[in-house]
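Since the structure comes first, as structure tokens, the remarks are kept for the end.
The values are calculated or read from the model by the stated rules, or taken from the named source; none is laboratory data. Bear in mind the structure is a predicted one, so any value in this text is a computation, not a measurement. Cβ placement follows ideal geometry from the backbone for every residue including glycine, while neighbour counts extend to all protein chains displayed.
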Amino acid sequence: MSNQNAEGFRSWCIVELMGHSCIAGELYEQAIGGETFIRVDVPDVTTKRGELKGYSKLYGKGAIYAITPTDEATCKLFIMQNYTPPISPYSFPALDAPKGCGGCPGDGEDLPFKEELRLVHEQGDEEDDLPL
């Protein structure tokens, strides 16, 4: 059975990773920035407990211990028994734009230490005053 095509290797696989973890899904080769990665697309799977959300993950060649080509049904059964949710993206709370010392056009007035910044702004116009 050959899963090699013009785009590279593509097959349903169970991938064993360093660190004693496994992932199953449709496997592709993907190049980013001149480097080749293994991309595993974990499909959505419905179980008696509910829907397991699919996701994609890229791995470098050094992270992979073994790849076992198989079929879609076997991958989905593996996912039902060994599902690892993807890492959730962390988002920072929205921050207001920083406000300046009030001495420059567009600067706000609510900056802590605004008096000290105003003095630095007024006195620091000469290059000789700048610390090295």
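Of note:
- Contacts under 9 angstrom Cβ, first residue in segment 66-84 being assigned by TED's automatic domain parsing to the domain that holds Ile14 and touching a residue at least 60 places away in the same chain (Cβ under 8 Å), partner of a type outside the set (A, V, I, L, M, F, W, C) and outside any strand (DSSP E or B), 6 or more apart: Pro69/Asn3; Glu72/Pro43; Cys75/Pro43
- Pairs, first over 11 Å from Thr68 (Cα atoms) in segment 12-35, second of a type in the set (Asp, Glu) and part of a loop (DSSP other than H, G, I, E, B), C-beta under 8 Å, six or more apart: Tyr28/Glu7; Glu29/Glu7
- Residue list for segment 45-73, restricted to those being among the hydroxyl-bearing types (Ser, Thr, Tyr), under 11 Å from Tyr83 (Cβ atoms) and more than 25 Å from the chain's Cα centre (by Cα): Thr47
- Any strands (runs of 3 or more DSSP E) falling wholly within segment 1-70 and containing at least 3 residues that are in contact with a helix residue (DSSP H, G or I) (Cβ under 8 Å, 6 or more places away or on another chain): 8-17, 21-32, 35-42
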